[in-house]
Amino acid sequence: MIAAIVVLTAMGLLLGWGLGYASRIFHVDSDPLVEEVTAMMPGTQCGQCGYAGCTPAAEAVVHGEAPVTLCPPGGKPLAVALADKLGVEVNLDGMSDVPLYAKIDRELCTGCMRCSKVCPTDAIVGANKQIHAVIRSACTGCEACDNACPEDCIDMQPDPMTLDTWNWPKPNVA
């Protein structure tokens, strides 16, 4: 019994030391600016920007290969934040002022499941041949579900005004 404890402890220490040594030898330095821009992205990996995920998109933005307006789910707030971070000019023409969220028309939904299969954040809930619903807090407005819906029962709408989303407008000071 004691021999087994000693052997397992020795193996744990030896393997732990080996993994720690390997992590120092094979450490890959990354660009801290790319990591910061990746953290600013929504992280949904929706692919609407034309890249395989948020990390390749962040690398393209940092290296100047893509505009800061490439992320539709991030919208204007993300584009402005990226432009401030990178010190570049941004053209916000054509971008929505408010974030858009999916809304399913219950009378038209047949429960085909195509929308929930393409949702990158699993914001659509429902069962096969049942009415689906959107979890608004999880929806990023990537429009993948709208494109996949054959019944055309999904509309992208702005977030409704509630006590949580309403802001008092700033007064005009002349």
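Observations, loosely collected:
- In segment 91-117, of all residues being surrounded by fewer than 16 Cβ atoms within 10 Å (Cβ to Cβ) and β-branched (Val, Ile, Thr), the one that is farthest from residue 143 (Cα to Cα) corresponds to 110.
- Check on residue 115, touching a Cys at 6+ places or on another chain (Cβ under 8 Å), of a type outside the set (Gly, Ala, Ser) and outside any loop (DSSP other than H, G, I, E, B): yes
So that you can scan it fast, the table gives a plain yes or no per residue for (1) more than 15 Å from the chain's Cα centre (by Cα); (2) in the same structural domain as residue 150 (by TED's automatic domain parsing); (3) more than 23 Å from residue 164 (Cβ to Cβ):
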{"position": "66", "(1), (2), (3)": "yes, no, yes"}
{"position": "106", "(1), (2), (3)": "yes, yes, yes"}
{"position": "116", "(1), (2), (3)": "yes, yes, yes"}
{"position": "121", "(1), (2), (3)": "no, yes, no"}
{"position": "126", "(1), (2), (3)": "yes, yes, yes"}
{"position": "136", "(1), (2), (3)": "no, yes, no"}
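- Output for segment 135-155, where each listed residue is touching a strand residue (DSSP E or B) at 6+ places or on another chain (Cβ under 8 Å) and over 18 Å from residue 42 (Cα atoms): 146, 153, 154, 155
- Among the residues of segment 126-161, those identified as out of contact with any helix residue (DSSP H, G or I) (no Cβ under 7 Å at 6 or more places or on another chain), surrounded by fewer than 20 Cβ atoms within 10 Å (Cβ to Cβ) and either farther than 28 Å from residue 70 by Cα or small (Gly, Ala, Ser) (or both) are 127, 128, 129, 130, 131, 133, 137, 138, 151.
The values are calculated or read from the model by the stated rules, or taken from the named source; none is laboratory data. Keep in mind it's a predicted model, so treat the numbers as computed, not measured. Every residue, glycine among them, receives a Cβ derived from its backbone with ideal geometry; neighbour counts consider all protein chains shown.
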